[in-house]
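Here is the structure we will look at.
The values are calculated or read from the model by the stated rules, or taken from the named source; none is laboratory data. This structure is a prediction, so every number in the text was calculated from the model and none was measured. Glycine gets a Cβ as well: all are built from the backbone with ideal geometry, and neighbour counts include every protein chain shown.
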Amino acid sequence: MDASPRTPYTVETRVGHLVEARVFRLASADEVDTYIRRLADAVAKLPSGTTGVLCADHRPAELYTQVVTDRLVESFQYMNERLERVAIITGFHKATLYMQLRRIVREADYEARQVFQDNDGGLRHLAVALSPEERVRAAAFLAEFEET
């Protein structure tokens, strides 16, 4: 799914219970709410009794405002029981975003959600909950975005 300047994020499930999200921006609490609804909808469409595994690529995003970070903490807490494992990727060139997301994740209090600067770390974190096909798809998803 291509994102335009008007599309703040993409959410898709292509293989198994791997949910792929790429965040370009979250500029308001309303955008966070809509993003989380899309994630919840993707998880709800999985087979009964299945929780999602989320690969969330935030490399295109910039720092979030306080209003957005507060809503992300609440939203992450809401999604904790719906997601078996979460890797949030920020890239090496966005150290401040990395630190901001680590704080948000710490406040959301779910050890299975972790923030990584590198794809490999995120993929290793998710691998324990993914099938071989899902691991291949997660790597392909992260390779689709070229950092500048």
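Tabulated data
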{"read-out": "Which listed residue is outside any loop (DSSP other than H, G, I, E, B), over 17 Å from Tyr9 (Cβ atoms), at pLDDT below 95 and not hydroxyl-bearing (Ser, Thr, Tyr), from Glu81, Glu107", "value": "Glu81"}
{"read-out": "Subset of segment 42-51 that is part of a helix (DSSP H, G or I) and touching a strand residue (DSSP E or B) at 6+ places or on another chain (Cβ under 8 Å) - its residue that is farthest from Arg82 (Cα to Cα)", "value": "Ala42"}
{"read-out": "Any hit, segment 16-23, residues being assigned to a helix (DSSP H, G or I) and not β-branched (Val, Ile, Thr)", "value": "no"}
{"read-out": "Considering residues of segment 110-134 that are in a loop (DSSP other than H, G, I, E, B) and in contact (Cβ under 8 Å) with a residue 24 or more places away in the chain only, the residue surrounded by the most Cβ atoms within 10 Å (Cβ to Cβ)", "value": "Leu130"}
{"read-out": "Search result, residues across segment 84-99 that are in a loop (DSSP other than H, G, I, E, B), exposed (fewer than 15 other Cβ atoms within 10 Å of the Cβ) and not aromatic (Phe, Trp, Tyr)", "value": "His93"}
{"read-out": "Residues located in segment 57-72, provided they are within 13 Å of the chain's Cα centre (by Cα) and either at pLDDT below 95 or more than 20 Å from Leu126 (Cα to Cα) (or both)", "value": "Pro60, Ala61, Leu72"}
{"read-out": "Residue pairs meeting the criteria (Cβ under 6 Å; at least 6 apart or on separate chains; first within 16 Å of His58 (Cβ to Cβ) and touching a residue at least 12 places away in the same chain (Cβ under 8 Å), in segment 135-148; second among the aliphatic types (A, V, I, L, M) and not in a helix (DSSP H, G or I))", "value": "Ala138/Leu18"}
{"read-out": "Leu26 vs. criteria over 24 Å from Glu107 (Cα atoms), assigned to a loop (DSSP other than H, G, I, E, B) and among the aliphatic types (A, V, I, L, M)", "value": "no"}
{"read-out": "First in segment 15-36 and of a type outside the set (Phe, Trp, Tyr) and at pLDDT below 95, second anywhere and surrounded by fewer than 22 Cβ atoms within 10 Å (Cβ to Cβ) and not in a strand (DSSP E or B), Cβ under 9 Å, 6 or more apart", "value": "none"}
{"read-out": "Verdict on Ala61 being part of a loop (DSSP other than H, G, I, E, B) and of a type outside the set (Ser, Thr, Tyr)", "value": "yes"}
{"read-out": "Cβ-Cβ under 9 Å pairs, at least 6 apart or on other chains, segment 75-91 side closer than 10 Å to Ala112 by Cβ, far side basic (Lys, Arg) and at pLDDT 95 or above", "value": "Asn80/Arg113; Leu83/Arg113; Arg85/Arg113; Val86/Arg113; Ala87/Arg113; Ala87/Arg124"}
{"read-out": "Leu39 being outside any loop (DSSP other than H, G, I, E, B) and out of contact with any Ser or Thr (no Cβ under 7 Å at 6 or more places or on another chain)", "value": "yes"}
{"read-out": "Restricting segment 36-65 to residues that are out of contact with any helix residue (DSSP H, G or I) (no Cβ under 8 Å at 6 or more places or on another chain) and either small (Gly, Ala, Ser) or crowded, with 21+ Cβ neighbours inside 10 Å (or both), the residue that is nearest to Glu12 (Cα to Cα)", "value": "Ala42"}
